[in-house]
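> Sharing a structure below in structure tokens format, with a few things to ask.
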Amino acid sequence: MGILDIFKSDKSSPKTALKRKKETEKFLKSINVPIIEHLPMIEEEHEVRIRKANEVAERILILTYLNYVSEEPESKTEVIDFIKDSGLWDKVSPDEKKLFESEELTKQEHINISWRSEAIWVLLWVINKVDKIKLPLEEVQIMDIVSRLPEFMSDPMDFTNNAINRTTSEILDFSDLTYRIHWATRNSELNNEKSVDFNPSIVMERHYAINWVTYYAEEWDEITTDT
């Protein structure tokens, strides 16, 4: 079962931000995750902006190919040429272009890029390529990602043009849950507690991805994960 299966909404009317917050808090309490009641609500459904599905699909491909180049640097030129030929280079962020073109990545850059797999998984869920998303406990396996993507360096047009987003309500349910889980994770770390078992790196990447989907900032490099 996916974590969002517990949230049942009346499709005849939008769920309010307050109702979403209360549902999330009730669920977290049920699994013994601490909450803080004055943590703000997220956006109302009628206020939020959601990235277009083709834009989400393009971001998935960019992050995936950056991950590949990180692991196979000898393929860098070939991959960059493919990205440019596919019309995706203009969608690559300034920070990512530096990473793609770097002569040699640092150890920390390798680590940071690798963790983006967790952001990719969320974005795949957003465009319905992942059916269920679970609590942030176990790292995603790279083959689970690859199996949902176009063949390596093949024309990505069908993948991007045929992408379909989940409902705004589902996306906001996940956003609200991730926001409150991230607070609980940070609170646990700050207080040296063991009350939260979530993987903090997975939580951060999920929060980053969903904040991008909901326009927490305009550009990928500018996203923050405030709690």
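The values are calculated or read from the model by the stated rules, or taken from the named source; none is laboratory data. Remember, predicted model here, so these are calculated numbers, not experimental data. A quick note on method: Cβ atoms are made from the backbone with ideal geometry, for glycine too, and the neighbour counts reach across all protein chains shown. In case anyone asks, the SASA skips ligands and DNA or RNA and just uses the protein heavy atoms, side chains included. Shrake-Rupley method; radii C 1.70, N 1.55, O 1.52, S 1.80 Å.
> Look at the range 108-141 and say how many of its residues are of a type in the set (Val, Ile, Thr) and either modelled with pLDDT under 95 or closer than 28 Å to Ser30 by Cβ (or both).
Result for the range 108-141: 5.
> Only one of Ile80, Ile62, Ile3 is modelled with pLDDT of 95 or more, in contact with a helix residue (DSSP H, G or I) (Cβ under 7 Å, 6 or more places away or on another chain) and surrounded by 18 or more Cβ atoms within 10 Å (Cβ to Cβ). Can you tell me which?
Result: Ile62 is the single residue among Ile80, Ile62, Ile3 that is modelled with pLDDT of 95 or more, in contact with a helix residue (DSSP H, G or I) (Cβ under 7 Å, 6 or more places away or on another chain) and surrounded by 18 or more Cβ atoms within 10 Å (Cβ to Cβ).
> Can you go through Asp90, Asp131 and tell me which one is over 18 Å from Tyr208 (Cβ atoms), assigned to a helix (DSSP H, G or I) and open to solvent by 30 Å² or more (accessible area, probe 1.4 Å)?
Values: Asp131 fails: assigned to a helix (DSSP H, G or I).
Exactly one residue qualifies, and that residue is Asp90.
> If you don't mind, another one. Please determine, by comparing only the residues of the range 93-120 that are touching a helix residue (DSSP H, G or I) at 6+ places or on another chain (Cβ under 8 Å) and outside any helix (DSSP H, G or I), which one is most open to solvent (accessible area, probe 1.4 Å).
Glu104
> On to the next question. Output the residues belonging to the range 184-198 that are over 19 Å from Ser30 (Cα atoms) and outside any loop (DSSP other than H, G, I, E, B).
Arg186, Glu189, Leu190
> Would you point out which residue out of Glu55, Glu43 is assigned to a helix (DSSP H, G or I) and either surrounded by 15 or more Cβ atoms within 10 Å (Cβ to Cβ) or in contact with a Lys or Arg (Cβ under 8 Å, 6 or more places away or on another chain) (or both)?
On inspection, the qualifying residue turns out to be Glu55.
> Still on this model: Which members of the range 134-158 meet the condition of being in a helix (DSSP H, G or I) and either more than 23 Å from Phe82 (Cα to Cα) or open to solvent by 60 Å² or more (accessible area, probe 1.4 Å) (or both)?
Ile142, Met143, Asp144, Val146, Met157, Asp158
> Among the residues of the range 58-81, how many are within 22 Å of Arg148 (Cβ to Cβ), assigned to a helix (DSSP H, G or I) and under 24 Å from the mean Cα position of the chain (by Cα)?
Result for the range 58-81: 15.
> While we're looking at this one, here's another question. Return only the number of the condition from (1) out of contact with any Phe, Trp or Tyr (no Cβ under 8 Å at 6 or more places or on another chain); (2) surrounded by fewer than 17 Cβ atoms within 10 Å (Cβ to Cβ) that Ser75 does not satisfy.
(1)
> Which one is most open to solvent (accessible area, probe 1.4 Å), of the residues in the range 199-227 that are touching a Leu at 6+ places or on another chain (Cβ under 8 Å) and not in a helix (DSSP H, G or I)? Show your work before the answer.
Filtering the range 199-227 for residues touching a Leu at 6+ places or on another chain (Cβ under 8 Å) gives 199, 202, 209, 213-214, 227.
Retained after the next criterion (residues that are not in a helix (DSSP H, G or I)): 199, 214, 227.
Details: Asn199: 34, Thr214: 5, Thr227: 54 Å².
Filtering the range 199-227 for residues that are touching a Leu at 6+ places or on another chain (Cβ under 8 Å) and not in a helix (DSSP H, G or I), the one most open to solvent (accessible area, probe 1.4 Å) comes out as Thr227.
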